[in-house]
Amino acid sequence: MGELVIRGQNRLSGKINIQGSKNSALPIIAAALLTDEAVVIDNCPAISDVFHMQKIISRLGAECIFKDGTMTISAGRLSSAPDFEYCRQFRASSLFMGVLLSRTGCFVMPYPGGCHIGSRPVNFHIDGLRKTGAQIEETGDEIIGYCGGLTGGEYVFPYPSVGALENIIMGAVCAKGKTVLKNCAMEPEIVDLCCFLTRMGAKIYGAGGKTIEIEGVEKLHGCRYTVPGDRIAAGTYMAACAIAGGNICIGGIKPRRLDAVTNILRKTGCHVFTDDKTDEIIVLSDGRRKPVAYIRTGPYPEFPTDMQAQIMAAAAYFSGSCRIWDSVFENRYMTAYELKAMGADITVDTDGVTVRGLPGLAGGRVKAHDLRGGAALVIAALGADYTVVEQCRYIERGYEDIQRDLEQLGADIRWRHAGDGTEESEFL
Ligand code: UD1
C-alpha cells in the first residue's frame, strides 16, 4: 500500500484500454459457484476486491486460479459458511446468500462490510430470498438461511437495488418454479450477470428492464465469459480529462453505458465522441469548464452514484456553482472535506453539496476514505499544483492501477511506498 504523488496541470493525451468491470466481475465470480463444472472468466480486473472474492470462494472450497486476467473456477464441494472476517470487510460478500442457498441449501454469514458511503442494509436481499422460498433468520450479528430447494415466487423491490437483485437472480436460476421480479435495477452489470448465467444454461427474460422473469432449470453447466469494460473507471478518466484538459481515447468500453456521464461532460464544454462499433470514447477538453447548475445521482440510467465524487472533483474547477445531490447513498460526501483541504470551495449540508468552482486548486496532503472518493482526489490533483493522496488501498479496491493509466495519458503521477526513501521534496 502506498500514496500517490501528483503534480498537476499537464494536459492529458493518448489512448488507454479500460480494465474489466469490477461490479460485473464480482457477482459473476459468485455465480460461478452455481455449477460444479469449470468456469473461465476473461478480462477479470486485477483489483483487491477481486482478490478478496478469490479468497472467499477458496475458503468455501472452490479451486480458483487467477492469471493474466483470466480466472478459472471449479466449485466441486462447497461449505455453507464463508469466512466471517473476509465477509465483514466486504459488501459483495452478501452475494453468496442466493448462491449458497441454491448450491448447499443453507448459509450462515455475518452482515457484510465495505466502504463507508451510507447505511447499506440487506433487507431487500433477505425479503426477496424469503419470497422465493428461503427461511432466513437474523440473530443480531449473523444471517442464517436455509431451504429445502428454492421454489421461485414474486418479489417487488421497494427500491431498485443492484446487489439484492443479483442475489435473488442467483438463487432463482435453479429454483423449482418460476420467479417474477418487479421494479428491478437496470444497471448494465445486471445484464452482464444475466448473460453469464444464460451462457451457463439459465433461463432469464427481461434483464436490463424493470421486470425480470426466471424459469428455474435443474442444473447449470460450465462456460467461458469475457467481463465487459468498467464504465466507472472509464467515467473517472473522462472526468480527469475535463479537469486537466486534453484529448484522450478510452477503448474497450460500451459508450452507451456512460450516456449520463457523457451528457454532463458535454454541458461543461467537453466534446465527447462515441463509437458503438469500436467500443471507444474520445474526450476533447480545452480545460475551460462551464458550470452545470444541478447534478443528481440515481439508479441507472440516471447519473451513477459511483461517479458522484469524481464529478464533484470536476465541479471544483467549473466556472460557476454546481449543486450535487446523491439520491442513492445519503452519506457519500466525505470527499468534499478532502477537496476543501486541497483548496476547493464546497459547502456540505444535509441534502448534498454546493461547489463553487475556482480556476485552480493548491493541492496538499489528503486521504482517500473510500474507493471512488479516493479516485476523485487523484483526478482533482491533475488540476492542482502538488498533491499527495494517502490511503490509496481504497483506490486499489476498484482500479487496477490508476497511476499506470493516468501516466500513460501524460499525467505527472507516481507511487510512493512507505519506507522507499523517496522524499517529498524530490517532486516539488
Ligand atoms: C452496487 C454497487 C455499487 C453502487 C451501487 C448503486 C456492486 C458490487 N456495488 O452496490 O458500486 O454504488 O450498486 O449503484 O455492484 N438498499 C436497501 N436495502 C437493501 C439493499 C439496498 O435499503 O437490502 C438501499 C441502499 O441503502 C442504497 C440503495 O438501496 O440506498 C441502492 O443500493 P444497492 O443498489 O443495493 O447498492 P449495492 O448493490 O450495495
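Quick note: the coordinates plus some simple rules give every number you see, no bench work behind them. These numbers were taken from a predicted model, which means no experiment stands behind them. We place every Cβ from the backbone using ideal geometry, glycine too, and count neighbours over all the protein chains shown.
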Taking 30 Å as the cut-off for C-alpha to C-alpha distance, list the pairs among LYS131/LYS219; LYS176/LYS277; LYS131/LYS203; LYS290/LYS367; LYS178/LYS277 that go past it. LYS176/LYS277; LYS178/LYS277
Expected unfolding gain across ARG365-LYS176 under the 0.36 nm per residue rule, minus the alpha-carbon gap, is 62.4 nm
Under 15 Å from the Cα of LYS340, which aspartates and glutamates turn up, not counting those fewer than eight places away in the same chain? ASP349, ASP385
Assuming R0 = 22 Å, can you tell me the calculated FRET efficiency for the pair ARG266 and SER321, based on Cβ-Cβ distance, to the nearest 0.05? 0.70
Output ordering of 93-102, 152-161 (per-residue mean of other Cβ within 10 Å, highest first) is 93-102, 152-161
Could you check how many percent of all C-alpha pairs in the stretch 197-237 are farther apart than 14 Å? 63
Highest mean first, how do 143-150, 32-39 rank when packing is the count of other Cβ atoms within 10 Å averaged over residues? 32-39, 143-150
What is the Cα centroid distance between the stretch 20-80 and the stretch 163-185, reported in whole angstrom? 21
Counting only residues 5 or more apart in sequence or on a different chain, those whose built amide H sits under 5 Å from that of ARG289 are SER319
Between ARG414 and TYR294, what's the calculated FRET efficiency when r is the beta-carbon distance and R0 is 45 Å? Round to 0.05. 0.80
Treating cross-link reach as a plain straight distance, find the aspartates and glutamates whose alpha-carbon is under 20 Å from the alpha-carbon of LYS182, omitting any fewer than eight places away in the same chain. ASP127, GLU154, GLU166, ASP192, GLU213, GLU215, GLU302
Using 0.36 nm times the number of residues separating THR354 and ARG130, minus their current alpha carbon distance, what extension gain do you get? 76.5 nm
Taking amide H positions as placed in the peptide plane 1.01 Å from N, state which residues far from THR151 in sequence (5 or more) or on other chains have amide H under 5 Å from it. GLY133, LYS176
What's the extension gain from ARG88 to ASP141 if we count 0.36 nm per residue and subtract their Cα-Cα distance? 18.0 nm
Can you list the trypsin sites (Lys or Arg not before Pro) in the stretch 279-374 that are in a DSSP coil and have 11 or fewer other beta carbons within 10 angstrom? none
Spelling it out for VAL156: with amide H atoms placed in the peptide plane at 1.01 Å from N, the residues 5 or more places away or on another chain with amide H under 5 Å from its amide H are LYS182
Between the DSSP loop rule and a limit of at most 15 other Cβ atoms within 10 Å, which GluC sites (Glu not before Pro) in the stretch 279-367 are left? GLU302, GLU330
Please compute the Kirkwood hydrodynamic radius of the chain from all pairs of different C-alpha atoms, in Å with one decimal. 22.0
What does the convex hull of the alpha-carbon atoms of the stretch 22-226 project to on average, in nm²? 9.6
Under the Karplus relation 6.51 cos²θ - 1.76 cosθ + 1.60, θ = phi - 60°, what is the ordered set of whole-Hz ³J(HN,Hα) values for the stretch 214-223, x standing for Gly and Pro? 10, 9, x, 10, 5, 8, 9, 10, x, 6
